[in-house]
1. Could you pull the Cα extents of the range 92-226 along its three principal axes, largest to smallest, in whole Å?
2. Given Cβ point charges of +1 (Lys, Arg) and -1 (Asp, Glu) and nothing else, what value in debye, to the nearest 20, does the dipole of the range 336-459 about its Cα centre take?
3. Kindly rank 97-104, 213-220, 272-279 from highest to lowest mean number of other beta carbons found within 10 Å of each residue.
4. In whole Hz, what ³J(HN,Hα) sequence does the range 302-314 give by Karplus (6.51, -1.76, 1.60; θ = phi - 60°), x for Gly and Pro?
5. Putting +1 on Lys and Arg Cβ atoms and -1 on Asp and Glu Cβ atoms, find which of ASN238, GLY283, PHE32 reaches farthest to the positive end of the dipole of the chain.
6. Just to confirm the number: angle between the C-alpha axis of helix 325-336 and the first principal axis of the chain, 0 to 90 degrees, nearest 10?
7. How large is the Rg to Rh ratio of the range 144-191 when both quantities use alpha carbon positions and Rh follows Kirkwood?
8. With the radius of gyration and the Kirkwood radius both derived from the Cα set of the range 336-459, what is their ratio Rg to Rh?
Amino acid sequence: MADPVQNSAAKAQHKNLNDLATMVSLCKRRGFVYQSSEIYGGLNSCWDYGPLGSNLKMNVKQAWWNAMTRRDDVVGLDAAILMAPMVWKASGHVDGFSDPLVDCKKCKQRFRADQLPQALEGACKEKENCKGAYLTEPRSFNLMFKTFMGPVEDASAIVYLRPETAQGIFVNFENVQSTSRKKVPFGIAQIGKSFRNEITPGNFIFRTREFEQMEMQYFVKPGTDDGFFEKWKETRWNFYLKLGMNSSKLRFKPHGPGELAHYAKAAVDVQYEFPFGWQELEGIHNRSDFDLSQHQKFSGKKLEYFDEAAKEKYLPFVIETAVGCDRLILALLCDAYREENSVDEETGRADTRVVLGFHPEIAPIKAAILPLSKKAELTEPALKLRDGLAREFAVQYDDAASIGKRYRRQDEIGTPFCMTYDFDSNTDHKVTVRERDSMKQERIALDQVETYLRTQIKAKAIAF
Ligand code: GAP
């Protein structure tokens, strides 16, 4: 079967994403991400993942989880969002987790003092005569969300929504170490929601007030921390390359002495070049023994590790890798996006193909099953094929519109393979499999399709 799309491939020119609005619109239109509570006018900086977005998110989390916990030296944890309030006193969040906030008395908007004067640009509604002239003195604004535990809403009932998942790991260090019988060096990995009452959220799912983190704390003997810090930098860099990300859009940005968080001895960001500039994607920190020693002090419980080989006790140092799942999804979407402007050689018509070139492992749909016509002699066996493949893969059945349009729909959501069931299929028992990036087609026997898909996806699997 001739692919009407394949003819236009030869003269294709690629254009990458250069504005965020295009991605926001694609995400809404195709069911990746919607504004939260949209029918009520939306809730600022909160987003919901649609049918494709939730699949994508699950795949991203799975890739990270596998990369971390299939190692022999890292185990998993799923701690509660609500924790004893003293945890946040010990961690320094109650006293120190704040941004400097200024109010404009004229336009009533709020800005982060450390982002002035750029934050005023285009933001102040009174910019003609305001321009920062009416700003209050900076005051400290704590970013933790508070709520009450139990029926009485008084100060003794205040609990916080965790602003990072890390503390769930530190307070469970002893539990996990003794039950998993891991010896230092070893790590604990966790994926979960975190909440920060950001003063200036924005850029779609880049900075939100509710987000998901994927964090790993690696406990090491003091003195070996610098070496492990370097190792984890390399491991995390390779993770992004294995996900198929463009290395020219990734870079390390070390923190200078004045930029270090209160807990950090050393820190480096993995930055990604988003359409709005280079920004932090992941933080890699040497947290020294700050957290364990704080929790030891505040809880009164000994958290030292006994090193049997060396017959010595010590508080381990911690190397932390922390990436936001939503932020990584935005980076992956931006990185995967391309427009191919081409000229159809038969008709001479200008044509644009939008492709999300996802790595097959994270693509929300692995294969689309497309009967060439809506006749039952094609749709019935095509649905049977769909049902068989769906036992192992996320697949989509589509029988609406021309085959060219259906290919385009799948390209735009990043589906690596399209399988067309045509009139020959009933006699030769084969389907045409079209690969997303090359648009190459081959006939594959129906009883081999499952193995084909498995092999193709496995061939590109992210090896750990
Ligand atoms: N435990 C260390 C920690 O939380 P962080 O640099 O504050 O470090 C780690 O956060 C990662 O979490 C960031 O690199 C970013 O990917 C993500 N993140 C932080 N704040 C976020 C927000 N408001 N919205 C989305 N992602 C966020």
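The values are calculated or read from the model by the stated rules, or taken from the named source; none is laboratory data. What you see is a predicted model, and the numbers here were worked out from it, not measured in a lab. Glycine gets a Cβ as well: all are built from the backbone with ideal geometry, and neighbour counts include every protein chain shown. Please note that ligands, DNA and RNA were not included when accessible areas were found on the heavy atoms of the full protein model with its side chains. Shrake-Rupley method; radii C 1.70, N 1.55, O 1.52, S 1.80 Å.
1. Taking the Cα atoms of the range 92-226, the three principal extents are 65, 45, 27 Å.
2. The dipole magnitude comes to about 260 debye.
3. Those peptides, ordered most packed to least, come out 213-220, 97-104, 272-279.
4. 6, 10, 5, 9, 9, 8, 5, 5, 8, 6, 9, 10, 7
5. So the residue furthest toward the plus end is GLY283.
6. Result, in degrees: 40.
7. Radius of gyration over Kirkwood radius for the range 144-191 works out to 1.17.
8. Here the Rg-to-Rh quotient is 0.96.
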